[in-house]
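Below is one structure, written out as structure tokens, with a few remarks after it.
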Amino acid sequence: MKIALAADHAGFAFKEQLAAELRRLGHEPVDFGTKSTESVDYPDFAIPAARSVASGEAQRGVLCCTNGIGMGMVANRIPGVRGALVYSARTAAMTRQHHDSNVLCLGAGEFPAETLLEWVRIWLDTPFEGGRHERRIGKIKALEPK
């Protein structure tokens, strides 16, 4: 699966670890930057990564900054993206099961890298349940511009 990756300077080191883990798991990470720990503006990287998910170029995306909040705000401004900020293994699973999230937003400064990697693996492996949740996702999609 193609997975878009983006991070700001605070998420850079984790993004690099994540890319290696994704390759190990057989996925194809697509790196939208940043390329160092030099201070940058997170929207410059989140926007193209989220757009690649919305367009179908990538099947999913993972965005990382200090706390994940800024990346989540940007991701959810892109029509077709359902970005989720998670804070536990349970929320990583639930955002796939019930919300069919396609972009995961993580706080690289809030949790240890191994914990974040565990949540990514859970998120990637958890299917969308559909059913009553499909109706709810439809209501979200109805808010997007035509």
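Does the chain classify as rounded, prolate or oblate by the C-alpha gyration tensor (a ≥ b ≥ c root eigenvalues; a/c under 1.5 gives rounded; else a/b over b/c gives prolate, otherwise oblate)?
Numbers: a/c = 1.67, a/b = 1.33, b/c = 1.25.
Taking the square roots of the gyration eigenvalues as a ≥ b ≥ c, the chain is prolate.
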Task: Top of 86, 53, 40 by mean-square fluctuation, Gaussian network on the chain, Cα under 10 Å - done: 40
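Rounded to the nearest 500, what is the chain's calculated 222 nm mean residue ellipticity when only DSSP H runs of at least 4 contribute -39500 (n - 2.57) each, over all residues? List each step's numbers first, then the result.
Values: 6 runs with 65 residues, N = 146.
Rounded to the nearest 500, it is -13500 deg cm²/dmol.
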Task: Selection from 119, 131, 92 lying farthest towards where the dipole of the chain points positive, charges on Cβ - done: 131
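What does the extension gain come out to for residue 25 and residue 143, with contour length at 0.36 nm per residue minus their alpha carbon separation?
Values: separation 118, 0.36 × 118 = 42.48 nm, distance 3.48 nm.
Between residue 25 and residue 143, full extension yields 39.0 nm more.
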Open item on the list: If the only charges are +1 at each Lys and Arg Cβ and -1 at each Asp and Glu Cβ, what is the size of the charge dipole of the chain around the Cα centre, to the nearest 20 debye?
Closed with: 700 debye
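Can you give me the % of accessible surface on the chain that is carbon or sulfur? Probe 1.4 Å, all protein chains present, nothing else counted.
Details: 3820 of 7280 Å².
Whole-percent figure for carbon plus sulfur exposure: 53.
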- [ ] Classify the stretch 74-146 as rounded, prolate or oblate, taking a ≥ b ≥ c as the square roots of the eigenvalues of its Cα gyration tensor: rounded when a/c is under 1.5, otherwise prolate if a/b is larger than b/c and oblate if not.
- [x] oblate
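The values are calculated or read from the model by the stated rules, or taken from the named source; none is laboratory data. None of the values given here were measured: they were computed from a predicted structure. With ideal geometry, Cβ positions are generated from the backbone for all residues, glycine too; neighbour counts draw on all protein chains shown. Accessible surface is based on the protein model in full, side chains and every heavy atom, while ligands, DNA and RNA are left aside. Shrake-Rupley method; radii C 1.70, N 1.55, O 1.52, S 1.80 Å.
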